Each structure stands twice: as structure tokens, then as C-alpha cells.
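Data first, discussion second: the structure below is written as C-alpha cells.
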Amino acid sequence: MEPLLSIVTITYNHEPYIRKCIEGVLMQQVNFPIEFIIAEDCSTDGTLTICKEYAEKYPDLIHLITSETNVGAIANERRAMKAAKGKYIAFCEGDDYWTDPLKLQKQVDFLENNSEYALCFTRAQILMCDKTLENGWNYLPNFEPTVNDLIIANYIPTLTTMIRAEYLYKYYDEVNPATQKWMMGDYPLWIWISLSSKIKYLTDITAVYRHVDGSVSHSKDTRE
């Protein structure tokens with residue numbers, strides 16, 4: 001049976017965190033078929049060993065993508081997306097994790113019943129220096145970010161999003177982000193989606209975003 005949802009995790013040197021990320025996916029309670037794509041980018045630590053362990057234990061669920069050389073974050077994400085078969089795609093990078101076992105079910109239920117929305121997202125906690133901040137993104141219950149809102153700030157935590165795959169592939173074809181020099185790959189995507197579709201904010205806290213020094217989001221080196 002083809003998956004209704006593809007979960008995509010890209011990971012590189014996430015040995016201390018990747019187990020929690022994977023376990024957050026495995027605990028999801030859903031009534032539809034899913035696939036879990038892990039794209040491991042030739043880590044220099046034990047990340048690959050851990051990913052192989054889970055892939056061997058859950059061969060019908062986990063599709064592990066590897067390579068003999070490091071391909072970089074953009075290419076790693078792109079090859080994971082190309083492998084995805086689902087109508088919907090959810091993201092969780094290797095140093096983040098989900099906490100709500102009904103996260104995916106809630107989001108698929110919403111998108112299946114509301115075709116005018118291309119993307120939905122939730123609240124998330126932030127884990128910084130081993131201290132969890134209750135909520136890093138706090139909005140009104142009926143908040144639905146428009147393009148004008150998103151130009152001001154990126155309100156959408158990537159690890160909480162679910163997107164209709166057709167929009168993602170159209171974005172790749174029309175914008176070709178691999179040719180751009182943007183520091184972040186998700187923010188331009190949200191803006192692009194908001195130009196042609198609605199975005200829904202669900203008020204539940206479903207995930208923890210780990211603030212890791214040296215990650216793409218917090219690097220001071222614009223070449224990364």
C-alpha cells in the first residue's frame with residue numbers, strides 16, 4: 001500500500017540526538033500508511049550506525065538513504081524528497097524530536113478535510129542549554145500567517161509542519177532552491193506557499209526544537 005504520508009529526517013553528526021528523533025516518529029499513532037525516510041549524510045560520528053540499527057529493525061517503515069561522501073544539507077534534503085511517495089510530507093531533522101503521539105493524525109485529518117490549505121503547523125518547545133522553554137512560538141488561537149506576516153518574521157517551526165507534496169514539488173520546479181544562496185531552506189518555501197494557498201496554525205504543542213550551536217539556523221558562517 002502506498003503511504004499517505006512521508007516523514008523526512010535529514011541527519012548529519014547527530015549521534016547524541018538521533019535516537020530521540022527516531023523514537024518520536026515511531027511512537028506516532030495513525031490510521032493510515034506512512035513511510036519514514038532518513039537521509040544520512042556520511043556522518044563522522046556514530047549517527048549512521050544508529051540509523052542502520054533502526055532501519056534493520058523496522059524494514060517495512062524506514063527507508064535509509066546513505067552515501068559514501070558528504071553531499072551537503074541541500075542535496076541531502078533533495079534526495080530525501082525525491083524518494084518520498086506520500087501525498088503529504090512531514091519534517092523532523094535529526095536533532096529535533098516530536099512529543100505528541102497524535103501529531104501526524106491531527107495534521108492529516110485537518111488537511112484531508114480542508115483542501116484550501118497547503119500547509120499546517122503547530123506550537124513547539126525550545127530546548128536550549130538543557131533547559132526547555134515552554135513555548136518559543138506563541139500565537140492567537142486563530143492565527144493563520146499570510147505572506148505579509150511571513151515577510152516580517154518566520155513564524156513556522158519546520159519540525160512541526162506538514163505540507164501537501166504537490167506544493168513542495170512545484171516549488172522545486174519553479175524556484176529551484178538548490179541554485180539559490182539562501183541561508184535557510186524552509187523560510188522561502190513558507191513565503192512561496194503563502195502566495196497561493198492558506199496556512200493553518202494548530203495550537204497543540206507537538207515537538208521540541210533543539211537549539212544546537214553550529215547548526216544551519218544558528219551558524220555565523222554564511223557559507224554553511
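The values are calculated or read from the model by the stated rules, or taken from the named source; none is laboratory data. Remember, predicted model here, so these are calculated numbers, not experimental data. Virtual Cβ from ideal backbone geometry, glycine too; neighbours counted across all protein chains shown.
Is it the case that the stretch 136-151 has a residue that's buried (at least 19 other Cβ atoms within 10 Å of the Cβ), modelled with pLDDT of 85 or more and within 17 Å of the chain's Cα centre (by Cα)?
No, the stretch 136-151 contains no residue that is buried (at least 19 other Cβ atoms within 10 Å of the Cβ), modelled with pLDDT of 85 or more and within 17 Å of the chain's Cα centre (by Cα).
One line per residue, one yes/no per condition, for (1) part of a loop (DSSP other than H, G, I, E, B); (2) modelled with pLDDT of 95 or more; (3) within 21 Å of Ile191 (Cβ to Cβ):
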| position | (1), (2), (3) |
| --- | --- |
| Asn76 | no, no, no |
| Arg79 | no, no, no |
| Gly86 | yes, yes, no |
| Ala90 | no, yes, yes |
| Asp100 | yes, yes, no |
| Val108 | no, yes, no |
| Glu112 | no, yes, no |
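Among residues belonging to the stretch 25-43 that are touching a Pro at 6+ places or on another chain (Cβ under 7 Å) and not β-branched (Val, Ile, Thr), point out the one that is surrounded by the fewest Cβ atoms within 10 Å (Cβ to Cβ).
Filtering first and then ranking leaves Gln29.
Being in contact with a strand residue (DSSP E or B) (Cβ under 7 Å, 6 or more places away or on another chain), part of a helix (DSSP H, G or I) and surrounded by 23 or more Cβ atoms within 10 Å (Cβ to Cβ) is the requirement here; does Leu48 meet it? Don't jump to the end; show me each part of the working.
Working: in contact with a strand residue (DSSP E or B) (Cβ under 7 Å, 6 or more places away or on another chain): yes; part of a helix (DSSP H, G or I): yes; surrounded by 23 or more Cβ atoms within 10 Å (Cβ to Cβ): no.
Answer is no for this residue.
Have a look at Thr160, Thr132 and point out the one that is modelled with pLDDT of 95 or more and under 24 Å from Met27 (Cβ atoms).
Thr160
When you scan the stretch 3-21, how many residues do you find that are without any contact (Cβ under 8 Å) to a residue 40 or more places away in the chain and either under 15 Å from Asn76 (Cβ atoms) or touching a strand residue (DSSP E or B) at 6+ places or on another chain (Cβ under 8 Å) (or both)?
Residues meeting the conditions: 1.
Which of the residues that make up the stretch 78-94 are more than 9 Å from the chain's Cα centre (by Cα), more than 23 Å from Met1 (Cβ to Cβ) and crowded, with 22+ Cβ neighbours inside 10 Å?
Gly94
Can you tell me which residue among Tyr155, Tyr117 is touching a helix residue (DSSP H, G or I) at 6+ places or on another chain (Cβ under 9 Å) and at pLDDT 95 or above?
Values: Tyr155 fails: at pLDDT 95 or above.
Sole residue among the options that is touching a helix residue (DSSP H, G or I) at 6+ places or on another chain (Cβ under 9 Å) and at pLDDT 95 or above: Tyr117.
In the stretch 51-69, which residue that is assigned to a loop (DSSP other than H, G, I, E, B) and under 20 Å from the mean Cα position of the chain (by Cα) is surrounded by the most Cβ atoms within 10 Å (Cβ to Cβ)?
Leu61
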